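Presented below is the structure to which this report refers.
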Amino acid sequence: MIVGGLKISLILPENHSLKGKRGVLRRIQARVSHQFNISVTECGDQDLWQSAVLGFCVVGSSRQVVEATLQKVVDFVEDLGLAQVGESEIESFYC
């Protein structure tokens, strides 16, 4: 079994409050969860209102499938246009 993790840094330049940031992140999380059926959570920059770090996790039987899915998540988040995607980092390991 392969476990894959993805960390994406997001920039929210038009945002002016933590409440606004939470709304944007909820929309991103809901759409990604619905589209890919994977786990997602905010895992960094919780107190900053113009940046965020989201973490995603997926489990599968093939490293290629897991990593391809996570790359599709990066592309999907970029295409949503709700936030600018900064750095992204994909990791996978065997269980």
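Using unit Cβ charges (K, R positive; D, E negative) and no other charged atoms, how large, in debye to the nearest 20, is the dipole of the chain about its Cα centre?
380
Which residues' amide hydrogens lie under 5 Å from the amide hydrogen of SER92, considering only partners 5 or more residues apart or on another chain, with H built in the peptide plane?
Here the answer is GLY5, since their amide H atoms fall under 5 Å of that of SER92.
Under the 0.36 nm per residue contour assumption, what length would be gained going from the current alpha-carbon distance of SER33 and LEU18 to full extension?
Stretched fully, the SER33-LEU18 segment lengthens by 3.2 nm.
Using helices alone, what [θ] at 222 nm do you get for the chain, with -39,500 (n - 2.57) per DSSP H run of 4 or more residues, divided over all residues and rounded to the nearest 500? Numbers along the way, then the final one.
Details: 2 runs with 37 residues, N = 95.
Dividing the helical sum by the residues of the chain leaves -13000 deg cm²/dmol.
Relative to the longest principal axis of the chain, what angle (0 to 90°, nearest 10) does the C-alpha long axis of helix 63-80 take?
That works out to roughly 20 degrees.
What spacing in nm lies between the two simple spin-label points modelled at LYS7 and VAL85, each 7 Å away from Cα in the Cβ direction?
Output for this residue pair reads 1.7 nm.
Probe radius 1.4 Å, ligands and nucleic acids ignored: give me the carbon and sulfur share of the accessible area of the chain as a rounded percent.
50
Using the Cβ atoms and a cut-off under 15 Å, what net charge is assigned to the surroundings of GLY23, where Lys and Arg are +1 and Asp and Glu are -1?
Result for the local shell: +4.
Given a 1.4 Å probe, how much area per residue of the chain is accessible, in Å²?
59
At 20 °C and a viscosity of 1.002 mPa s, what translational diffusion coefficient does Stokes-Einstein give for the chain, taking Rh as the Kirkwood radius over Cα pairs? Give it in µm²/s as a whole number.
160
Report ARG31's accessible area, 1.4 Å probe, all protein chains in place, as a number in Å² to the nearest 10.
Accessible area, nearest 10 Å²: 110 Å².
The values are calculated or read from the model by the stated rules, or taken from the named source; none is laboratory data. Predicted model only: the values in this text are computed from it and were never measured. Heads up, the Cβs are rebuilt from the backbone with ideal geometry, glycines too, and the neighbour counts pull from every protein chain shown. The area values use the complete protein model at the heavy-atom level, side chains included, leaving out ligands, DNA and RNA. Shrake-Rupley method; radii C 1.70, N 1.55, O 1.52, S 1.80 Å.
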